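Readers should treat all values here as calculations from the given coordinates under stated rules, not as data from a laboratory. Worth saying up front: this structure is predicted, and the values here are computed from it rather than measured. Neighbour counts run over all protein chains shown; Cβ positions are idealised from the backbone, glycine included.
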Amino acid sequence: MSDEILLKRISMDPGTMVGKPVIRGTRLTVEYILNLLAHGDESADILKEYPDLSAEDIQACLLFAALSLESTTFMPLAKEAG
């Protein structure tokens, strides 16, 4: 599936979840889905909990995050010991 088609699954509207990116047609934020994945939930677990979602919705969240970070410069939070 192309990036363009996947990204159509993500929407941002100031009237929905304060404008955070959400899976279109839901109030589930990209941030929330990524947080579930980061804390060990698997896609299958998320899809079982939210049966209206599809695997492509989760892929879209990952793609959105990857593209959002593409042009971001990170500064170290703390100097490494050594």
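Here are a few things to note about the model shown:
- For the range 3-69, the relative contact order comes to 34 percent (Cα pairs under 8 Å, sequence separation of at least 6).
- Among the GluC sites (Glu not before Pro) in the range 1-58, those placed in a DSSP loop whose Cβ has at most 15 other Cβ atoms within 10 Å are GLU42.
- Annotation for the range 17-80: chymotrypsin sites (Phe, Trp or Tyr not before Pro) lying in DSSP loop with at most 16 further Cβ atoms inside 10 Å of their Cβ are PHE74.
- As a proxy for reagent exposure, THR29, THR72, THR16 were ordered by neighbouring Cβ count within 10 angstrom, fewest first; the result is THR72, THR16, THR29.
- Between the amide H of ILE10 and those of ARG24, distances stay under 5 Å, these residues lying 5 or more places away or on another chain, with hydrogens modeled in the peptide plane.
- Projecting the Cα atoms of SER68, GLY40, PRO51 onto the dipole axis of the range 29-76, where Lys and Arg carry +1 and Asp and Glu carry -1 at the beta carbon, places SER68 farthest toward the positive end.
- Helix axis angle, 55-69 relative to the chain longest principal axis, alpha carbon, degrees: 30 degrees
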